[in-house]
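The values are calculated or read from the model by the stated rules, or taken from the named source; none is laboratory data. Everything numeric in this text was worked out from a predicted model, so none of it was measured. Backbone-built Cβ (ideal geometry, glycine too); neighbour counts: all protein chains shown.
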Amino acid sequence: MYRVKTLLVMATILVLSTSLFAIIEGDGKSDALPYYGNVQPLDTRDTDTRDTDATLTWLDGITPNTNFVGSTNDYFMEYYVAPADGYINSIDFNFSNLFEFSGGGMSIWIYEAAYPWDEIDSEGIADAQGDAWLGYYDEASGFETTGSNWIRGGVNDLDGALDMDYDPLGAQVWPAFGSGSISLEPNADDGGVVNFDLVQAMGTNHPFLAGDEFVVVIRFNGFEEQGDDGDYQAGFLSATLHVDPQPSLKFYGIISGANGRTGIDDFGWYIRSYVWDWGVNVTLTSDRAPVLTGWNSLDVTLSQDARTATCIITDDNPSGGAAGVASAELMYSVDGGEYMSVAMTAEVDTFSADIPGVAGGDITYYFTATDVEGNTNSTLVQSYSVFVPSAPTLVVFNGGATSGYPYQYYFGPGVFAHDVWNGVILAELAAAYTTIYEIAHYGNGPAFDNREVIAAWLETGEKNYCMAGDEFFGAWTGWVDQDYVAGDFEYDVLGVSHIHNDISGTSDAVTAIEAVSGNVLSDSLYIVHMAAGDTLMYDPVYEVGGLNWLDGFDLVDAGSANMVTYADAMPIGLNRMAGDDKIVLFGFDPISINANPYTWYGYGFYSPLTTSLTYFDLWAVSIDDVTVPENSSLSAAYPNPFNPTTSIEYQLSNAADVNITVYNMLGQEVTNLVAGFQNAGSYTVSWNGMDAVGHSVPSGLYFYTMQTEGFTATQKMMLLK
């Protein structure tokens, strides 16, 4: 298995790939993306690359914020397209994590690209457990990136995917035989840029022609016996990026996961939305398109005025011909509409234009330029939002999307007036609300540190604040257990005197937990699940497809716990008064609570997140108002059609054994969603499009049947990919 830990981006820095609001899909921009990465001047990178005059990189202008690690015999690759004729001199690898012991290293190759493929939307499937899995070669030497016996992955289940081998590597083009190699010794910083010189290593560089597609491939070496122990892993500084094709892939080998990446023999290449911070240092010998760098990243704003966008645009002609920028345009779109063009004006090499003000909405924009020889280049799409507060409560998805599953399901049946926000919380934004919910992205944690703004907002008095997610503390501390004292945000506001990071042990663990009897938030959950005789579980892997990095803590107020671990009663949730402010903290993803036998408590009246609405006086309906259904029933799935997950509501008029099963159009059982005894009441179960052994099923029509004492019903649902 691998572990991705998102490094915290401070409130003053915005990550382009998330850009606070997701890039709008279907904007018609994909064909104009610079697949070779933006060519940036060498002086923006602190490396010694001799006669190199340009660097090909995907992360120009993007702040990498993720440590993406691998084990021995794991491979990483990144895709490029040559902007002109030339040759590769060296490659920069920006490490965020190095082996803790001597003896590790990596091999380096350059291959022709057999990737991407026209029938596959790599942006749409990146990271998906089945769909993004391409496959591997099963050879006598092990599971390999080259060979003759290709084992096809889950990508072949996609509609439109041909019955073919999706091997991303073409012919090896450098070196001619064997591989380049470099040792990776520990250092005090546990990272930094490692420069690999092709000529110094093998006596030759790699020439290319304009438009050549190639991939750089590395393999970690050196620790065959240590497995996936973190001390024997190395990782690249990375960032999420949403483009098509997604340029970076990882090959998960047998050490990374003894039974494959997710435990179902799914070794091999995966398309990732994470992009490694690599730089291919080149000398160019023919004309190339203009170079666009140094654009200003426009943040989310409450202002409805016009905003000035700038970009540094230069043009040279390494072949000695005519050079210069003939024209430059700013392209912008409002709420996914048609792109509009604004001519840019120049002051030396800095070009600028205004994006007109709007009364509210999501803006996407990019820059494009043409040189005197007719060559055109464009930047990646960027985005920001003009936000208009309209309710007394703000729900912040810190690092996640704002729509779809699971984001639309976090408060279960709770209906309350609220606005939704994604990203850093601005002081002027917080001032518009009396209640703020801040929910970290499941599995990866927060992208932004909002502690300073939240503390100042709470000082104004009579506010409600809820923080939920299992990676906040780790992002703040670097995943080191830590004590807190008076004067610390964690102590004064949250009521935590010590943090215990990642108490689940492994990312795929299922953790037994317990609601606290008598607590205003969790007593109803305790009563209901005790009556059912089930065991509460924290299971983000099943419920949201996330990771389990459950956090526990010691309390300032001993009686404030609302949720604890089952084994040792360590607090994982609390609620308290901090002065005249109401505070709720969940060290876990609240929608990921279920039970064994199965009940999805994370979505429903008894979820601690749902009951916090009553605690904050936001929701008029209380648990006491919930009535037992007069009749059992099975509701239509929602959303329907769906991708990747849908939810199914059902009602029981009396306690009974319940079975809910999914079938395909041939009547074959696909998976079982519910099997066990449940009390009378209303329930919701989710389906993530996986079969009983964890394989992604193809698009199509499916049926689900509910059977219980005296009641049987069937509904249909459509999975679209």
Within the stretch 300-315, residues being part of a loop (DSSP other than H, G, I, E, B), crowded, with 17+ Cβ neighbours inside 10 Å and modelled with pLDDT of 90 or more number 1
With (1) polar (S, T, N, Q); (2) within 30 Å of Ser507 (Cβ to Cβ); (3) out of contact with any Leu (no Cβ under 7 Å at 6 or more places or on another chain) as the list, and Asn422 as the residue in question, which single condition is left unmet?
-> (3)
Subset of the stretch 473-512 [out of contact with any Ser or Thr (no Cβ under 7 Å at 6 or more places or on another chain), at pLDDT below 95 and among the small types (Gly, Ala, Ser)] | Gly474, Gly478, Gly505, Ser507, Ala509
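Select from the stretch 365-388 the residues that are in a loop (DSSP other than H, G, I, E, B) and touching a residue at least 60 places away in the same chain (Cβ under 8 Å) and write down the one among them that is farthest from Trp619 (Cα to Cα). Don't jump to the end; show me each part of the working.
Quick first cut of the stretch 365-388, residues in a loop (DSSP other than H, G, I, E, B) only: 372-375, 379-381, 387-388.
Now narrow it down to the ones that are touching a residue at least 60 places away in the same chain (Cβ under 8 Å): 373, 375, 379-381, 387-388.
Numbers: Glu373: 64, Asn375: 59, Thr379: 46, Leu380: 42, Val381: 40, Phe387: 25, Val388: 23 Å.
Across the stretch 365-388, the extreme among qualifying residues is Glu373.
From Asp534, Asp568, Asp539, grab the single residue that is among the charged types (D, E, K, R) and farther than 22 Å from Phe677 by Cβ.
Details: Asp534 fails: farther than 22 Å from Phe677 by Cβ; Asp539 fails: farther than 22 Å from Phe677 by Cβ.
Result: Asp568 is the single residue among Asp534, Asp568, Asp539 that is among the charged types (D, E, K, R) and farther than 22 Å from Phe677 by Cβ.
Might you check whether a residue that is hydroxyl-bearing (Ser, Thr, Tyr) and under 22 Å from Thr610 (Cα atoms) occurs anywhere in the stretch 456-468? If you could, list the steps in order and put the result at the bottom.
Of the stretch 456-468, the ones hydroxyl-bearing (Ser, Thr, Tyr) are 460, 465.
After this cut, where a residue has to be under 22 Å from Thr610 (Cα atoms) as well, the list is 465.
For the stretch 456-468, residues hydroxyl-bearing (Ser, Thr, Tyr) and under 22 Å from Thr610 (Cα atoms): present.
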Apart from one, (1) charged (D, E, K, R); (2) more than 28 Å from Ser273 (Cα to Cα); (3) surrounded by fewer than 22 Cβ atoms within 10 Å (Cβ to Cβ) all hold for Asp371; the odd one out is (3)
Single condition Ile439 does not satisfy, out of (1) in contact with a Pro (Cβ under 9 Å, 6 or more places away or on another chain); (2) in a strand (DSSP E or B); (3) over 28 Å from Ile363 (Cα atoms) | (3)
Failed condition for Asp657, given (1) under 32 Å from the mean Cα position of the chain (by Cα); (2) under 22 Å from Ala531 (Cα atoms); (3) acidic (Asp, Glu), with all others met?
-> (1)
Assess whether Asn94 counts as being surrounded by 21 or more Cβ atoms within 10 Å (Cβ to Cβ), of a type in the set (S, T, N, Q) and in a strand (DSSP E or B).
-> no
Scan the stretch 309-331 for residues that are more than 12 Å from Glu373 (Cα to Cα) and β-branched (Val, Ile, Thr) and jot them down.
-> Thr310, Ile312, Ile313, Thr314
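Tell me which residues, restricted to the stretch 618-636, are aliphatic (A, V, I, L, M), more than 28 Å from Leu394 (Cα to Cα) and modelled with pLDDT of 85 or more. Steps first, please.
Of the stretch 618-636, the ones aliphatic (A, V, I, L, M) are 618, 620-621, 623, 626, 628, 634, 636.
Checking which are more than 28 Å from Leu394 (Cα to Cα) leaves us with 628, 634, 636.
If the condition is that a residue be aliphatic (A, V, I, L, M), more than 28 Å from Leu394 (Cα to Cα) and modelled with pLDDT of 85 or more, then Leu634, Ala636 are the ones that fit.
Test Ser682 against the criterion of being assigned by TED's automatic domain parsing to the domain that holds Leu652, touching a helix residue (DSSP H, G or I) at 6+ places or on another chain (Cβ under 7 Å) and either within 22 Å of Pro629 (Cβ to Cβ) or not in a strand (DSSP E or B) (or both), and give yes or no.
Numbers: assigned by TED's automatic domain parsing to the domain that holds Leu652: yes; touching a helix residue (DSSP H, G or I) at 6+ places or on another chain (Cβ under 7 Å): no; either within 22 Å of Pro629 (Cβ to Cβ) or not in a strand (DSSP E or B) (or both): yes.
It is false that Ser682 is assigned by TED's automatic domain parsing to the domain that holds Leu652, touching a helix residue (DSSP H, G or I) at 6+ places or on another chain (Cβ under 7 Å) and either within 22 Å of Pro629 (Cβ to Cβ) or not in a strand (DSSP E or B) (or both).
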